[in-house]
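The values are calculated or read from the model by the stated rules, or taken from the named source; none is laboratory data. These numbers come from a predicted model, not from an experiment. Reconstructed Cβ throughout: ideal geometry from the backbone, glycine too, with neighbour counts over all protein chains shown.
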């Protein structure tokens, strides 16, 4: 009797796995692109929230609370994934992870094939571990992910967040949010432009006048280089990221070394089809055994088995394949790195954390307040040390920002703040009625404030630069900053010796939104926002704290420029600097 594979149809288990992976990626895309201002939180009261996949990352669920010294209640789905992996192995990598499914799509597009299993498993027979190790670099590189995991764990113990470099869900979210989404908008706008004659002929004004605003993010070339390298490696070695580099995969491999549900190969004739089609190369073609920590339970092996000999069933002592007596090295199966390697990786993570702390003075003062003028955090951001420990650098907040004001930091936020969100008013201002960034943050590094509470979460103070300002340096009338300020913080004041009133900033009303900097007509803005007097709280009321400090951020409507006569005449005006 011919098997399902020989009849040309796909076996049911393999079909189910492909359907689940496709649905998982589609849901990820839907939630990511559903996070659109002004209502990205419309799913917050329903299931699932737009940041659900970010909460599912097992690496972030373990290391983010450890680095921040705070239990991250929102990350409980990642802990559930970790617990289920004890029973089901690395099912998350093989069934649910959108990063892995994206890599599979890339491999299908470039039509890359698995290397022959003989390249991963040499021709010599099973030995006691004394024969020379002639396996290729691809096989030997599997332990890199464990070293990276140990390094990130050591840094997290010291309170430093380095896991954003390897957490798979934040990484792939960053790819789609900061690179793919802007490209999609650009192509869509190009299509609308080319289709205008057709829309005119069809009398479709909705499409004729539809305008999609362009999105631009800093660090574009780094993202292209980083993911271009990963996709190139995927073309050379299928799932190279998953098998060799992913620290989340290493964490799941550790907890699933002895899963309750395991891969079995009964009555196998050793045709090696399963080894050729295994995306992680975890199957030894000579024994049909698989390293459980490397198996993604993707069912690719059972999909191609002509005998139907492969199954995933509960472990039993009567199964010689489930509990082999031989060592992993003797069977040519992937083994864990040595204890020395683990300790070395953790020690290196502690060393890197110490190096980062030694350079922290360039960003923070003794009171842990931001002193870098280029580091303006989003409204509702927790104090800087906790923010750096919690932020996943996923780019979700940057994608949802309606004015494109949030940008990924490079070195402006210090070496420990790379890719974290910073407010760049020259790109766009912080919209007063918007609280989208906090609503999509999975770790609450940016708190989910209500619109009323967010209005009091001051991000900085505008400062007038006298040498660049048209009114101060040239005596030319300019009222742009005063006209666009939504809080009435910028006022015009007549100064002796000046032919026109000059702008000054009322510090008690300035929120730091950046409208003034964004619309300043000078090429190099003459009024800029700096993180002076930024309000960074955790577990306290912004409104109450700001009112007690004498602040008033009630939005006002300005119909015409006004000259303020109440501010003192003597001395430099508020918000004035050389």
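Filtering 373, 337 for residues that are touching a strand residue (DSSP E or B) at 6+ places or on another chain (Cβ under 6 Å), surrounded by fewer than 22 Cβ atoms within 10 Å (Cβ to Cβ) and modelled with pLDDT under 85 leaves a single hit, 373.
For the condition within 17 Å of residue 163 (Cα to Cα) and touching a helix residue (DSSP H, G or I) at 6+ places or on another chain (Cβ under 7 Å), residue 79 qualifies. None of 182, 285 is at pLDDT 90 or above, surrounded by fewer than 22 Cβ atoms within 10 Å (Cβ to Cβ), outside any strand (DSSP E or B) and in contact with a helix residue (DSSP H, G or I) (Cβ under 9 Å, 6 or more places away or on another chain) except 182. Checked against (1) touching a residue at least 60 places away in the same chain (Cβ under 8 Å); (2) surrounded by fewer than 23 Cβ atoms within 10 Å (Cβ to Cβ); (3) within 21 Å of residue 28 (Cα to Cα), residue 158 passes all but a single condition, namely (3).
Within segment 52-83, the set of residues being farther than 16 Å from residue 440 by Cβ and not in a helix (DSSP H, G or I) comprises 69, 70, 71. Every condition in (1) modelled with pLDDT under 85; (2) farther than 30 Å from residue 541 by Cβ; (3) surrounded by fewer than 18 Cβ atoms within 10 Å (Cβ to Cβ) holds for residue 348 except the one numbered (1). I'd like the residue in segment 312-334 that is surrounded by 14 or more Cβ atoms within 10 Å (Cβ to Cβ) and at pLDDT 60 or above and, out of all such residues, is farthest from residue 285 (Cα to Cα). Per the criteria, the residue is 315. Flag: residue 94 does not match the condition of being assigned to a helix (DSSP H, G or I) and without any contact (Cβ under 8 Å) to a residue 60 or more places away in the chain.
Just for helices (runs of 4 or more DSSP H) wholly inside segment 430-513: which have at least 2 residues that are within 30 Å of residue 68 (Cβ to Cβ) and touching a strand residue (DSSP E or B) at 6+ places or on another chain (Cβ under 8 Å)?
Per the criteria, 436-439.
Would you check if there is a residue in segment 529-539 being within 33 Å of the chain's Cα centre (by Cα), under 18 Å from residue 487 (Cα atoms) and assigned to a strand (DSSP E or B)? So far as segment 529-539 goes, yes, one or more of its residues are within 33 Å of the chain's Cα centre (by Cα), under 18 Å from residue 487 (Cα atoms) and assigned to a strand (DSSP E or B).
When you scan segment 547-568, do you find a residue that is out of contact with any strand residue (DSSP E or B) (no Cβ under 6 Å at 6 or more places or on another chain) and at pLDDT 90 or above, even just one? So far as segment 547-568 goes, yes, one or more of its residues are out of contact with any strand residue (DSSP E or B) (no Cβ under 6 Å at 6 or more places or on another chain) and at pLDDT 90 or above. For segment 518-529, filtering for residues that are under 17 Å from residue 472 (Cα atoms) and surrounded by 24 or more Cβ atoms within 10 Å (Cβ to Cβ) leaves 3. Filtering segment 18-40 down to residues that are assigned to a loop (DSSP other than H, G, I, E, B) and either surrounded by 15 or more Cβ atoms within 10 Å (Cβ to Cβ) or under 16 Å from the mean Cα position of the chain (by Cα) (or both), which residue is modelled with the lowest pLDDT? So, considering only residues that are assigned to a loop (DSSP other than H, G, I, E, B) and either surrounded by 15 or more Cβ atoms within 10 Å (Cβ to Cβ) or under 16 Å from the mean Cα position of the chain (by Cα) (or both), the one modelled with the lowest pLDDT is 37.
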